[in-house]
Amino acid sequence: MDNPDRNVTDVIRRDVESSWHRFLDVYEPLRPELYRYCRHLTRSPWDADDLVQDALFRAFAKLGWMHETPRNARAWLFRIASNLWIDRVRAAQAKPEPDAERSSSREPRAVREAAGTLLSRLAPQERAAVVLKEAFNFTLEEIAEALSTTPGTVKSALHRGRGKLVEPADEEAAPPKPAILDAFCEAFNAGDLERLTSLLLDTTEIEVVRVHAEYGPEAAKRSVFQGMLFGMRRVADPARIVGLDPSYFATVLAKVLPRVEARLHRGEWLLLHWYAHADGEAVRAITRVEADGDRLTRVRNYFYTPDVVAEICAELGVSFRSNGYRYWKPREEG
């Protein structure tokens, strides 16, 4: 069917959205620990955040065809994340490695790391077993449940894997800062939406990670960039803060526009979004960009990803604040 009934589709979308947020009400408290586990596996905060979200999506879908709810939600989520990661590593290992020039200039850092020395030394199941035991103190039985195997196999994997998990030294030279980042910062800090959107291609994807995505300059100007620059003003109006937890924004000086600056982190240039607060400035979001010459081809804003923001800011030694994991909460039925 080329054009499904839009009214029916919209009803389904609203039902799915409501179910998804009810699911998060129950399972989201496990997200910080799940992120920490995925971070150990992937060695990249960006890939860890993606893996957490994919695991939650998979868990949400699986609940629809399970006869009984999981007895151990924590182990169940860890098992889903483990299986997704192991499948990805195996798929990556099965592909021919890209040439050196492509690896250094086009591939995300996490992909290069996943194909590096560490994973060639440690099998995926061994690594997962070691992390669950050493970092999360799982019992052999819990690890077996999380990895869909037996305690005996876990014991063997731990024996083989211990001692192999050594982080290699990062000797990668710092890349030069792309000129377009300076252009983005200048336009953003001037509050100039027109100049900011002129940096985009018609096909550019602009995303608030896990929340919203748009394509092209006009959509960005109406939505994502508008929110980046002026979104905090809504927290000053009690009538407009519906869907946001006010406790996260208690000290924000909402009338002061945020500013952005480029910072180098682990070989990648990032954009840090600084917001004014009654007790000083703090980073509340991080943006990653991809560019082709003097135009941005992809913009990903990490605003509702407190685990990622906390980790990056801690490593950079800058202050940060959390916005929570989502902006929409189901209203209580009256």
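Look at Glu171 and say whether it is closer than 30 Å to Thr42 by Cβ, acidic (Asp, Glu) and either at pLDDT 90 or above or crowded, with 16+ Cβ neighbours inside 10 Å (or both).
Working: closer than 30 Å to Thr42 by Cβ: yes; acidic (Asp, Glu): yes; either at pLDDT 90 or above or crowded, with 16+ Cβ neighbours inside 10 Å (or both): no.
For Glu171, the condition - closer than 30 Å to Thr42 by Cβ, acidic (Asp, Glu) and either at pLDDT 90 or above or crowded, with 16+ Cβ neighbours inside 10 Å (or both) - is not met.
Kindly indicate which of Glu290, Glu315, Glu333 is assigned to a strand (DSSP E or B), at pLDDT below 95, over 12 Å from Leu272 (Cα atoms) and out of contact with any Pro (no Cβ under 7 Å at 6 or more places or on another chain).
On the way: Glu315 fails: assigned to a strand (DSSP E or B); Glu333 fails: assigned to a strand (DSSP E or B).
Going through Glu290, Glu315, Glu333 in turn, the sole match is Glu290.
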Does Asp307 fit the bill of being over 24 Å from Tyr37 (Cα atoms) and touching a residue at least 12 places away in the same chain (Cβ under 8 Å)? no
Give the residues of the stretch 260-280 that are farther than 22 Å from Ser322 by Cβ and outside any strand (DSSP E or B), sorted by residue number. Gly267
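Please state which one of Ala61, Ala75 is under 17 Å from Tyr35 (Cβ atoms) and either at pLDDT 85 or above or in the same structural domain as Arg288 (by TED's automatic domain parsing) (or both). Quick ask: steps written out before the conclusion?
Numbers: Ala61 fails: under 17 Å from Tyr35 (Cβ atoms).
Answer to the selection: Ala75.
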Take residues that are at pLDDT below 70 and buried (at least 16 other Cβ atoms within 10 Å of the Cβ) and tell me which of the helices (runs of 4 or more DSSP H) falling wholly in the stretch 105-153 contain 2 or more. 109-114, 117-121
Which residue pairs have Cβ atoms under 6 Å apart, sit 6 or more places apart or on different chains, and have a first residue in the stretch 17-32 that is of a type in the set (Phe, Trp, Tyr) and a second that is assigned to a helix (DSSP H, G or I)? Phe23/Phe60
Quick one: is Ala310 in a helix (DSSP H, G or I), outside the structural domain of Pro29 (by TED's automatic domain parsing) and under 26 Å from Ser44 (Cβ atoms)? yes
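Of all residues in the stretch 61-92, count the ones that are part of a helix (DSSP H, G or I) and surrounded by fewer than 16 Cβ atoms within 10 Å (Cβ to Cβ). Steps first, answer last, please.
As a first pass, look at the stretch 61-92 and keep what is part of a helix (DSSP H, G or I): 61-63, 73-92.
Checking which are surrounded by fewer than 16 Cβ atoms within 10 Å (Cβ to Cβ) leaves us with 61-63, 73, 87, 90-92.
Residues in the stretch 61-92 being part of a helix (DSSP H, G or I) and surrounded by fewer than 16 Cβ atoms within 10 Å (Cβ to Cβ): 8 in total.
With Thr251, Thr203, Thr197 as the choices, which residue is over 23 Å from the mean Cα position of the chain (by Cα), over 21 Å from Glu311 (Cα atoms), polar (S, T, N, Q) and surrounded by fewer than 14 Cβ atoms within 10 Å (Cβ to Cβ)?
On the way: Thr203 fails: over 23 Å from the mean Cα position of the chain (by Cα); Thr197 fails: surrounded by fewer than 14 Cβ atoms within 10 Å (Cβ to Cβ).
Residue meeting the stated conditions: Thr251.
The values are calculated or read from the model by the stated rules, or taken from the named source; none is laboratory data. Note that the structure is a prediction, hence the values are computed from the model and not measured. Glycine also receives a Cβ, built like all others from the backbone with ideal geometry; neighbour counts cover every protein chain displayed.
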